[in-house]
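Q: Okay, here's the structure, questions in a sec.
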Amino acid sequence: MNNFDELITNVIGWADDKGILVKDNAPKQMLKVLEEVGETAGALLKDNKDEIVDGIGDSFVTLIILSMQLGLHPSECLDAAWNEIKDRKGKTKNGVFIKE
C-alpha cells in the first residue's frame, strides 16, 4: 500500500496529465466533490463496504484536485484543519461532536 503523500503526488500527476488542474475548472470540480460525497453517503446507507471505500477514495481524489486547482496543497489544507480542531473541547451527543 502506498503512503498518503505518494498517493497525493500520484493524483496530482494524473490530474495534471489530463489537463484538469486549471483554476477555471474549480466550480465544476466542486460539483464532483459533492457527487462523490453523495455516493459515499448512499453506500453508507446500504452498508456496502466496497462502495464506501470507493466513495471515500474518490472523495479524496476530487478534493486533492480541487485544492490544487485553487493553488493550495492538500497537506496545507489538512494541516490548517488539524490545527483548528486539535485542541477543541466538546462532547459527542447522538453520534455528533458538539464543540464547547
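Q: With a 10 Å radius around each residue's Cβ, average the other Cβ atoms per peptide and rank 79-85, 43-49, 27-33, highest first.
A: 27-33, 43-49, 79-85
Q: Check the chain and count each lysine pair with an alpha-carbon distance under 16 angstrom, considering only pairs eight or more places apart or from different chains.
A: Summing the qualifying lysine pairs gives 6.
Q: Relative contact order for the chain: what is it in percent, counting Cα pairs under 8 Å that are at least 6 residues apart?
A: After rounding, I find 26 percent.
Q: Determine the calculated [θ] at 222 nm for the chain from helices alone, applying -39500 (n - 2.57) to every DSSP H run no shorter than 4 residues and normalising by the residue count; nearest 500 deg cm²/dmol.
A: When only DSSP H runs of four or more count, the value is -23000 deg cm²/dmol.
Q: May I pose another question? Could you work out the per residue convex hull volume over the alpha carbons of the stretch 1-42, in cubic angstrom?
A: Hull volume over Cα atoms, normalised by residue count, gives 89 Å³.
Q: For the stretch 49-91, go through all pairs of different Cα atoms, get the mean of 1/r, take its inverse, and jot down that Kirkwood value in Å.
A: Here the Kirkwood hydrodynamic radius works out to 12.0 Å.
Q: Rounded if a/c is under 1.5, else prolate if a/b is larger than b/c, else oblate: which is the stretch 1-77, with a ≥ b ≥ c the root eigenvalues of its Cα gyration tensor?
A: Judged from the Cα gyration tensor, the stretch 1-77 comes out oblate (a/c at least 1.5, b/c at or above a/b).
Q: Quick check on packing: order 51-64, 86-99, 12-25 by the mean number of other C-beta atoms within 10 Å, highest mean leading.
A: Taking the mean over residues of other Cβ atoms within 10 Å, the ranking is 51-64, 12-25, 86-99.
FYI, it's all coordinate maths here, none of it is from the lab. Everything numeric in this text was worked out from a predicted model, so none of it was measured. For neighbour counting, all protein chains shown are included, and Cβ atoms are generated from backbone atoms with ideal geometry for every residue, glycine included.
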